[in-house]
Amino acid sequence: MNFSHLTSLANYLVSHGVLCLRFTCKGLNVAYRTKAYKAVLEYLRSSDDYTLSGVFLAGRSMGSRAAASVTRQTDQDNDSFVQGLICLSYPLHRPKLRSKLRDEDLFLIKSPVLFVSGSADEMCDKRLLEKVAIKMKAPPKIHWIENANHSMAVKGRTTEDVLLEINIQVLSWIKEVIA
């Protein structure tokens, strides 16, 4: 939860008037994280503290896989509460194992999806993600951070500069989707 990407993004979105709820999962498997996302989503939907017309789910790496699974499930139930999915460093495959893709949920999502990935991400080959995006039902958008790895580190660029690029892209995309 305290990855600089997520902290920076939440702070940036809040500073631009977007309500954010961050949470973490101690479990290291996708099924556990998906269950946690569902619980948080139900809390937001039923809470008397908030009146929300919809939410965007987001995650980094395995968290984005869990968010994709929940988005797929809500889309299949024709539930419009999830308005979009934001995937930071989506782990499309294991490092050096590009033959087994983690794309099954992506093909069934109908809500808009934003992928922000590094062009040198060892867990998300650029050509493979672009091929997956073409086959998706959802309107996908991919923003490549040039020369970034899975951690979004880029030689010759400061972390703050890379995070600002990510933040600007995410906010811009959210505004496009809700317009």
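The values are calculated or read from the model by the stated rules, or taken from the named source; none is laboratory data. Quick caveat, the model's predicted, so the values are computed rather than measured. Don't worry about glycine lacking a Cβ; one is built from the backbone with ideal geometry, like all the others, and counts go over all protein chains shown. For the accessible areas, the whole protein counts, side chains as well, though only heavy atoms, and no ligand, DNA or RNA atoms are used. Shrake-Rupley method; radii C 1.70, N 1.55, O 1.52, S 1.80 Å.
Please determine whether any residue of the stretch 52-70 is under 16 Å from the mean Cα position of the chain (by Cα), open to solvent by 20 Å² or more (accessible area, probe 1.4 Å), closer than 15 Å to K38 by Cα and among the aromatic types (F, W, Y). Yes, the stretch 52-70 contains at least one residue that is under 16 Å from the mean Cα position of the chain (by Cα), open to solvent by 20 Å² or more (accessible area, probe 1.4 Å), closer than 15 Å to K38 by Cα and among the aromatic types (F, W, Y). Any chance the stretch 144-160 includes a residue that's in a loop (DSSP other than H, G, I, E, B), of a type in the set (S, T, N, Q), modelled with pLDDT of 95 or more and exposed (fewer than 15 other Cβ atoms within 10 Å of the Cβ)? Within the stretch 144-160, one or more residues are in a loop (DSSP other than H, G, I, E, B), of a type in the set (S, T, N, Q), modelled with pLDDT of 95 or more and exposed (fewer than 15 other Cβ atoms within 10 Å of the Cβ).
Taking the condition touching a residue at least 24 places away in the same chain (Cβ under 8 Å) and of a type outside the set (S, T, Y), does A179 pass? Walk me through it before giving the result.
Numbers: touching a residue at least 24 places away in the same chain (Cβ under 8 Å): no; of a type outside the set (S, T, Y): yes.
For A179, the condition - touching a residue at least 24 places away in the same chain (Cβ under 8 Å) and of a type outside the set (S, T, Y) - is not met.
The number of residues in the stretch 119-160 that are at positive phi and not polar (S, T, N, Q) comes to 2. The one condition from (1) assigned to a loop (DSSP other than H, G, I, E, B); (2) farther than 16 Å from S61 by Cα; (3) more than 17 Å from the chain's Cα centre (by Cα); (4) aliphatic (A, V, I, L, M) that A138 does not meet is (3). If N167 satisfies every condition in (1) touching a residue at least 40 places away in the same chain (Cβ under 8 Å); (2) open to solvent by 40 Å² or more (accessible area, probe 1.4 Å); (3) in contact with a helix residue (DSSP H, G or I) (Cβ under 6 Å, 6 or more places away or on another chain) but one, which is the exception? Status for N167: all satisfied but (2). Scanning the stretch 43-71 for residues that are in a helix (DSSP H, G or I) and basic (K, R) yields a count of 2.
Among the residues here, S8 qualifies as open to solvent by less than 60 Å² (accessible area, probe 1.4 Å), touching a residue at least 24 places away in the same chain (Cβ under 8 Å) and out of contact with any strand residue (DSSP E or B) (no Cβ under 8 Å at 6 or more places or on another chain). Is at least one residue of the stretch 76-93 open to solvent by 20 Å² or more (accessible area, probe 1.4 Å), in a helix (DSSP H, G or I) and closer than 23 Å to Q169 by Cβ? No, there is no match, as no residue in the stretch 76-93 is open to solvent by 20 Å² or more (accessible area, probe 1.4 Å), in a helix (DSSP H, G or I) and closer than 23 Å to Q169 by Cβ. The set of residues in the stretch 113-137 that are crowded, with 20+ Cβ neighbours inside 10 Å and farther than 22 Å from K96 by Cβ comprises V113, L114, V116. Can you name every residue in the stretch 1-28 that is of a type in the set (F, W, Y) and either in contact with a Leu (Cβ under 6 Å, 6 or more places away or on another chain) or outside any helix (DSSP H, G or I) (or both)? Within the stretch 1-28, F3, F23 meet the criteria.
For (1) at pLDDT 95 or above; (2) out of contact with any helix residue (DSSP H, G or I) (no Cβ under 8 Å at 6 or more places or on another chain), each residue gets a yes or a no:
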residue	(1), (2)
N78	no, yes
F81	no, no
L88	yes, no
R98	no, no
L108	yes, no
V116	yes, no
K126	yes, yes
K141	yes, no
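When restricted to residues that are in a helix (DSSP H, G or I) and either free of Cβ contacts under 8 Å to residues at least 12 places away in the same chain or touching a Cys at 6+ places or on another chain (Cβ under 8 Å) (or both), the stretch 94-135 contains 3.
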